[in-house]
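Presented below is the structure to which this report refers.
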Amino acid sequence: MDDEPLLFHTGWRFTFPKVVEAISKLMPIDKLRHVGLSHFEGDECGAMNEFLNVAPKAVPFASAIGSMISINDFANRPARGLEDGEEFSTGNHRLQWIYTPHVPHGWDCGVIYDKTTGTLFCGDLFTQGGDKCPPVTESDLLGPSEIFRKPLDYFAHAAAMEGIIEKLAALNPTTLACMHGSAYRGDGGALLRELSRTLARERMVSA
């Protein structure tokens, strides 16, 4: 909610009516100006064109590589490709794009950091299963997210993963806005570093 409202992830096409209904309780849907995604998957951008149709001034965005290889072919309007560290404003909020290739998956992957509020929109990091998650929690998030991750093992386990997670941790986010499950309010940097240590221990055991 800002001068230029932004939606990060659209959901699948079949969820479009419900997402529009929720947004419409806050503002007219045609006020959207930015529609973005972390990486190219159906739950990230399946309904992108539906949103572009009802928000004629909205611009799709993704990482530079994601825009080039996927979004410019998929979206009804040309996408804005963001470089690592690139900043932009929606009015009162200053946002920064962080390129995170293969973290947790997809070479086009990236996340948004709201420098104004200290919120990291962290995509599929800390995904929690089920539909009973509170909107925001200050409780442990790593435990529930690991219960979901380990059977699926949807992380790419890239060689650069620890360095990328440390780059996110160094932002010292106070809120982790997860795409799936509860958002976390607290020491986001500490939680990210604990995730990195957990993944490193797992890699050592498997080696």
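The values are calculated or read from the model by the stated rules, or taken from the named source; none is laboratory data. The structure displayed is predicted, hence computed values, not measured ones. Positions of Cβ are generated from backbone atoms using ideal geometry, with glycine treated the same way; all protein chains shown enter the neighbour counts. For accessibility, only protein heavy atoms count, side chains too; no ligands or nucleic acids. Shrake-Rupley method; radii C 1.70, N 1.55, O 1.52, S 1.80 Å.
Quick notes on this structure:
- Within the accessible area of segment 98-207 (1.4 Å probe), percent carbon and sulfur: 59
- Probe 1.4 Å, accessible area per residue of segment 84-207, Å²: 47
- Pairwise Cα separations in segment 102-168 fall into 5 Å bins from 0 onward with the following percentages, short to long: 3, 14, 22, 26, 21, 11, 3, 0.
- The chymotrypsin sites (Phe, Trp or Tyr not before Pro) found in segment 149-207 that occupy coil by DSSP, while having at most 15 further C-beta atoms within 10 Å, are TYR154.
- Rounded, prolate or oblate (a/c below 1.5 giving rounded, otherwise prolate when a/b exceeds b/c) for segment 21-167 by Cα gyration tensor: prolate
- Within straight-line cross-link reach of LYS167, lysines at Cα separation under 24 Å, skipping those fewer than 8 residues along the same chain: LYS115, LYS150
- For ARG80, residues with placed amide H under 5 Å, excluding near neighbours: PHE61, ALA62
- Taking Cβ atoms as reference points and 15 Å as the exclusive limit, the residues near ALA169 contribute a net charge of -1, counting Lys and Arg as +1 and Asp and Glu as -1.
- For HIS180, the amide hydrogen comes within under 5 Å of the amide hydrogens of GLN128, counting only partners 5 or more places away or on other chains and with H modelled in the peptide plane.
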